[in-house]
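Everything on this sheet refers to the single structure shown next.
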Amino acid sequence: QLDEFEFNNVQIDQHGPIAVLTIARPKALNALNADTLSEIAQAVNLIVEDAEVGALIITGAGEKAFVAGADISEFTNLEGVYDGREMSLAGQDVMHQIASLPIPVIAAVNGFALGGGLELALACDVRVAATTARLGLPEVSLGLIPGFGGTQRLARLVGAGRALDLMLTARQVKADEALTMGLVNYVADDALTKAREVAESMLRHAPIALSLVKEAVRRGLDSTLEGGLEIEADLFGMTVATKDFREGVDAFLNKRRAEFQGE
Ligand code: CO8
């Protein structure tokens, strides 16, 4: 059972096909220190190895914060270009690991998602914000730039103009503004409950198709339109070779609900 693994700063709760990874460092508003980042990476590996899990929700413990950023108290150890680059690459690796998971990943942004915390949410496929959430990339206020993928993922998600406004002003946006700009997909009083609903609606569909949709979008964003269309055609071809495609079409034609097996 996944929830039997003991970590200091993260918890895994699994009910059926939905795993919830909760970042829990209440004394620092769930800020990501090196240990927490490493535990997130280990937990994500465990979750993805569990064949029963079909969707992952990432959230923060408590009412106040999703994740209030990288742990600023560890920044005093950083002495120069090399240290900074290594720290950025280490964080980017974890975000990339999450972004390339073969199952849907939803961020339930229950409070502050700042700096590395927003970058974590940006590595997820879909974001649900609580009405009380505050999102931002305040790194320039510390003399830094975002280093866990934020400069790249935010601009790809909401466009360079909106991303630059957020990063250059370091301002925090509330949930309704985040929704308007496309930074989050949903706003709800209870982000985790809404995230579960979104996960359930995804889990009704064919698992291989879910994974290949993600792959097509992710690889396409790194590509030209032509290259992306080739990727799409290749992956579309793979879906046509699955049993679930036969099942989906048969179910539609016979007016019944499809029973997908992930094959
Ligand atoms: N790191 C460490 N500790 C933190 C962090 C953080 N990011 N955020 C909050 N805490 C701690 C506070 O120090 C405080 O601890 P204590 O009780 O011991 O004094 C506790 O959490 C509670 O916080 P506050 O008392 O400050 O709570 P407030 O309600 O007054 O304020 C805020 C809440 C507005 C969220 C405020 O805590 C804040 O501004 N936090 C910092 C937010 C921030 O700047 N985050 C971005 C950090 S930079 C970053 O993430 C870069 C990522 C890429 C790194 C690449 C590496 C090279």
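Structure values in brief
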{"read-out": "Segments 67-80, 145-158 sorted - mean Cβ within 10 Å per residue, highest first", "value": "145-158, 67-80"}
{"read-out": "Full-extension gain in nm, Glu197 to Leu2, via 0.36 nm per residue minus C-alpha separation", "value": "68.1 nm"}
{"read-out": "Peptides ranked, highest mean first, by Cβ atoms within 10 Å: ranges 99-109, 29-39", "value": "99-109, 29-39"}
{"read-out": "Label-point separation, Tyr82 to Phe236 (7 Å along Cα→Cβ), nm", "value": "5.0 nm"}
{"read-out": "Relative contact order %, the stretch 85-224, counting alpha carbon pairs below 8 Å whose residues are six or more apart", "value": "28 percent"}
{"read-out": "Contour excess over end-to-end distance, with Cα ends at Ala90 and Asp189 and 0.36 nm allotted per residue", "value": "32.3 nm"}
{"read-out": "Members of Lys174/Lys214; Lys194/Lys214; Lys194/Lys255 lying beyond 23 Å, as alpha-carbon distances in this model show", "value": "Lys174/Lys214; Lys194/Lys255"}
{"read-out": "Considering only the chain, percent of DSSP beta bridges that pair antiparallel, nearest 5", "value": "25 percent"}
{"read-out": "Modelled FRET efficiency - R0 45 Å, Lys27 with Glu259, Cβ distances, 0.05 increments", "value": "0.45"}
{"read-out": "Gain on full stretching of the segment that runs from Glu63 to Arg156 - 0.36 nm per residue minus C-alpha separation", "value": "30.6 nm"}
{"read-out": "Distance-filtered residues of the stretch 79-115 - backbone nitrogen under 16 Å, label point 7 angstrom along Val140 Cα→Cβ", "value": "115"}
{"read-out": "Only Lys, Arg (+1) and Asp, Glu (-1) charged, at Cβ; the stretch 87-204 dipole about Cα centre in debye", "value": "120 debye"}
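Values quoted throughout were computed directly from the atomic coordinates according to the rules given, and no laboratory measurement underlies them. Bear in mind that the values here come from a model prediction, so they are computed numbers and not experimental data. When we count neighbours, we look across all protein chains shown, and the Cβ atoms used for this are built from the backbone with ideal geometry, even at glycine.
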